[in-house]
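**Student:** Have a look at the structure that comes next, please.
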Amino acid sequence: MVIVAGYLVVDARERSSYLAGCAAVVEEARRTPGCLDFSLSADLVEPGRIVVFERWESRAAVEAFRGGGPSDDQAAAILDASVAEYDVADVRSLT
């Protein structure tokens with residue numbers, strides 16, 4: 001399993017419109033074979049911060065979806081980012 005997690009920072013005044021512009025990408029990702037979870041959400045404390053969380057069955061599934069990454073408009077709106085991929089060897093359910 002691969003987890004992609006981190007954050008993006010956009011202008012706080014533009015965060016809602018940025019996230020609205022990502023809705024189609026989230027829907028597409030969730031329909032993609034190998035996607036277990038995909039979410040972009042507003043941080044509860046920092047006004048310009050967007051939390052990134054993705055869970056994939058494999059690296060191949062991530063690569064098949066990722067393509068060229070964010071659109072040019074989305075990339076231009078990102079002021080800062082810290083996102084990483086994690087290869088998970090074992091999982092324990094907490095529920």
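**Student:** Measure off 7 Å from each Cα along the Cα-to-Cβ vector at residue 78 and residue 24, then give the distance between these two points in nanometres to one decimal.
**Tutor:** So the two model labels end up 1.9 nm from each other.
**Student:** How much length is gained on full extension from residue 41 to residue 92, taking 0.36 nm per residue of separation minus their Cα-Cα distance? Before the final figure, lay out each step's value.
**Tutor:** Values: separation 51, 0.36 × 51 = 18.36 nm, distance 2.45 nm.
Separation in residues times 0.36 nm, less the Cα-Cα distance, equals 15.9 nm.
**Student:** Enter the accessible area per residue of the chain (Å², integer; probe 1.4 Å; all protein chains in place). Please list the in-between numbers first.
**Tutor:** Numbers: 6230 Å² over 95 residues.
In whole numbers, the chain has 66 Å² accessible per residue.
**Student:** Also, quick follow-up: Would you mind calculating the relative contact order of the chain from Cα pairs under 8 angstrom and at least 6 residues apart, reporting the percent as a whole number? Walk me through the numbers before you get to the answer.
**Tutor:** Numbers: 153 pairs, mean separation 42.9, N = 95.
Value for the chain: 45 percent.
**Student:** Right, something else. Please name which of 1, 64, 52 has its Cα lying farthest along the dipole of the chain towards the positive end, using unit charges on Cβ (Lys, Arg +1; Asp, Glu -1) and the Cα centre as origin.
**Tutor:** Checking the options against the dipole of the chain, the answer is 1.
**Student:** How are the Cα pair distances of the chain distributed, in percent, across 5 Å bins from 0?
**Tutor:** Bin by bin from 0 Å, the calculated values are 3, 13, 23, 25, 18, 12, 5, 2.
**Student:** Hey, any idea what % of the chain's accessible area is carbon plus sulfur with a 1.4 Å probe?
**Tutor:** Details: 3260 of 6230 Å².
Carbon and sulfur atoms account for 52 percent of the accessible area of the chain.
**Student:** Roughly what percent of Cα-Cα pairs across segment 1-41 reach past 14 Å? Mind showing how you got there, number by number?
**Tutor:** Working: 444 of 820 pairs.
Summing the P(r) tail past 14 Å for segment 1-41 gives 54 percent.
**Student:** Now for a different question. Can you give me the long-range amide H partners of residue 7? Hydrogens built in the peptide plane at 1.01 Å from N, cutoff under 5 Å, separation of 5 or more residues or another chain.
**Tutor:** 52, 82, 83
The values are calculated or read from the model by the stated rules, or taken from the named source; none is laboratory data. What you see is a predicted model; the values in this text were computed from it and never measured. When we count neighbours, we look across all protein chains shown, and the Cβ atoms used for this are built from the backbone with ideal geometry, even at glycine. Heads up: the accessible areas ignore ligands, DNA and RNA and are worked out on the full protein's heavy atoms, side chains in. Shrake-Rupley method; radii C 1.70, N 1.55, O 1.52, S 1.80 Å.
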